[in-house]
Amino acid sequence: MYRQLVPLSIPSGWAIIYNSFGDEDPIISNGSIVNDEFYGEDLLSIEPIRFNGTNWITDRTGYAFDLGWYPESDPDGCYRLTLIRGDWNNVVIQFESKKRHEVSQVIKQCFDLIAQGVDEQEISRLIELETKDRNWSSSLK
């Protein structure tokens, strides 16, 4: 189904719930993206997992990544990466960009910071500094 997905380095302790974060430019016809399997609202979900002694289960109290393209199939849209902690009432970062490599870099940096034990306020601050330092045309909300 997918020609190529964006390469991601996912550390152990994480599960990819779904992934259609395609490494393919949008194909536009009649004002809409036609290869919309790569430009929908549900592109990537990554959740932490832990072993409960019997099975691997998702850890609903940890960080989780959600990625989509908003508005769906709209050539004027952009990727929206959200990092949450526990539930959607605790959004750590919300990063928007039209560029796949910027999104994958922010994912990598978040994984690195989480692995270092950096708290969520500092993650938000450091990601904001990093995106400004790189002069990315994206936004952090």
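Only the coordinates and a few stated rules stand behind these numbers; no lab work does. The model shown is predicted, which means the values in this text are computed figures rather than measured ones. Here the Cβ is made from the backbone with ideal geometry for all residues, glycine too, and neighbour counts use every protein chain on show.
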Run down S104, S124 and say which single residue is touching a residue at least 40 places away in the same chain (Cβ under 8 Å) and within 25 Å of S12 (Cα to Cα).
S104
Strands (runs of 3 or more DSSP E) fully within the stretch 48-99 counting 3 or more residues that are in contact (Cβ under 8 Å) with a residue 12 or more places away in the chain
63-70, 78-85, 87-97
For I33, which of the numbered conditions (1) surrounded by fewer than 20 Cβ atoms within 10 Å (Cβ to Cβ); (2) out of contact with any strand residue (DSSP E or B) (no Cβ under 7 Å at 6 or more places or on another chain); (3) aliphatic (A, V, I, L, M) fails to hold?
(1)
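Let's see how each residue does on (1) surrounded by fewer than 12 Cβ atoms within 10 Å (Cβ to Cβ); (2) touching an Asp or Glu at 6+ places or on another chain (Cβ under 7 Å); (3) polar (S, T, N, Q):
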{"position": "S9", "(1), (2), (3)": "yes, no, yes"}
{"position": "D25", "(1), (2), (3)": "yes, no, no"}
{"position": "S45", "(1), (2), (3)": "no, yes, yes"}
{"position": "L83", "(1), (2), (3)": "no, no, no"}
